[in-house]
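One structure is given here, and the rest of the page talks about it.
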Amino acid sequence: MDDLGFQIQSGVVARLVIDRVPKRNALTRAMWEALPGLLAELAANDEVKVLVVTGAGPSFCAGADIGELISGADPADPMAELRAFNLRAQQALREFPKPTIAMVRGHCIGGGLEIAVNCDFRFAAHGSTYGVTPARIGVVYPPAAIKVLLDLVGPATTKYLLFSGELLTAEQAELKGLVDRVVGEVDLESEVDEFAATLVSRSQLTIRSAKETVNALLAETDADAAALARYQETIASGELAEGITAFGERRSPRFPWHSS
């Protein structure tokens, strides 16, 4: 499937590939607008248990297409439409109900970093680079986007990235908690596949509940009711009993797959 610069590869471990290689996968306004719909389709697909987000070619994503930054119709706020699409896409990725892994090679800058930090995990190749560069061109970064970065790496690193516009190496990004694992480029795909397989083998109800709870706590909304409902679901489905039985029998659990 090819949709406005994205490739979708379905399966238990699905892939969303940003595919605009001549522009180092910079996202157009139309791509930001399309992203929530593509994610909704993947979320509704019962087969999908994990989503890997990556870029075609040597780069993950070099950001938003700079040629469109101030091309909006309103001269008083020429970035209004692009900003709205961008924030909606970030939210859709952040709230995607299944685990998400950003698999990063090359450039992961600006809008590319926004995509990566809204995934649950970031696996990085040696030689990849990370940064947020609005201070280089005079863009005021939206508070919602800053909060995601702040929740992930804390105020000092957030300020460093936003104030300086400097780029971090993969190793520096790992030290600051911006990425979870750095591996050689030839090993990147196998590392991601292995971790994705681990996630697929676990209780999907537990994972879903944990993601819902983390998101609710970060948003400072009530997490208790949803967590209780998921707990009751693990009992009613037999998933909790299977997990405990398998542990006692020293075997891998055979969890049913749930789409809810």
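All of the numbers you see were taken from the coordinates with simple rules; none came from a lab. Small disclaimer: the values here were computed from a predicted structure and weren't measured. With ideal geometry, Cβ positions are generated from the backbone for all residues, glycine too; neighbour counts draw on all protein chains shown.
Enumerate the amide H contacts of Thr129 below 5 Å, restricted to partners 5 or more residues apart or on another chain; note that Pro and chain-start residues carry no placed amide H.
Long-range HN contacts for Thr129: Gly106, His107, Cys108.
Quick one: grab the alpha carbon gyration tensor of the range 2-199, order the square roots of its eigenvalues as a ≥ b ≥ c, and give me rounded if a/c is under 1.5, else prolate or oblate depending on whether a/b is larger than b/c. Please list the in-between numbers first.
Details: a/c = 1.64, a/b = 1.19, b/c = 1.38.
Oblate.
Pop a pseudo-label 7 angstrom from the Cα along the beta-carbon direction at both Gln7 and Ala44 and give the gap in nm to one decimal.
With each label placed 7 Å out from Cα toward Cβ, I get 2.5 nm.
In deg cm²/dmol, rounded to 500, what helix-only [θ] at 222 nm does the chain give when every DSSP H run of at least 4 residues adds -39500 (n - 2.57) and the total is split over its residues? Walk me through the numbers on the way to the answer.
Details: 10 runs with 126 residues, N = 260.
That comes out to -15000 deg cm²/dmol.
Please report Lys159, Lys176 as a ranked list, fewest other C-beta atoms within 10 angstrom at the top and most at the bottom. Present the calculation step by step, with values, prior to reporting the outcome.
Values: Lys159 13, Lys176 18.
So the ranking, lowest neighbour count to highest, is Lys159, Lys176.
How would Met79, Met31 line up from fewest to most surrounding beta-carbon atoms within 10 angstrom?
Working: Met79 19, Met31 24.
Placing the least packed residue first, the sequence is Met79, Met31.
Name the long-range amide H neighbours of Arg122: under 5 Å, sequence gap of 5 or more, or other chain; modelled H, no Pro or chain starts.
Answer set, sorted by chain and number: Ala102, Asp180, Arg181.
Quick check on the range 203-248: what does the Kirkwood estimate of hydrodynamic radius come out to from the alpha carbon pairs, in Å? Numbers along the way, then the final one.
Numbers: mean 1/r = 0.0898 Å⁻¹.
Every distinct Cα pair counted, the radius reaches 11.1 Å.
Please return the longest stretch of the chain lacking exposed loop sites, where GluC sites (Glu not before Pro) count only if DSSP places them in a loop and at most 16 other Cβ atoms lie within 10 Å.
96-165
Suppose we keep just the DSSP beta bridges with both residues in the chain; what percent of those would be antiparallel, to 5?
Details: 8 of 30 bridges.
Roughly 25 percent of the DSSP beta bridges within the chain come out antiparallel.
Taking the number of other C-beta atoms within 10 Å as the exposure measure, put Val186, Val104 in order starting with the fewest. Kindly include the intermediate steps, with their values, before the conclusion.
Values: Val186 9, Val104 31.
Sorted ascending by nearby Cβ count, the order is Val186, Val104.
Cα-based count: Lys pairs in the chain below 29 Å, eight or more positions apart or different chains?
Counting lysine pairs in the chain gives 16.
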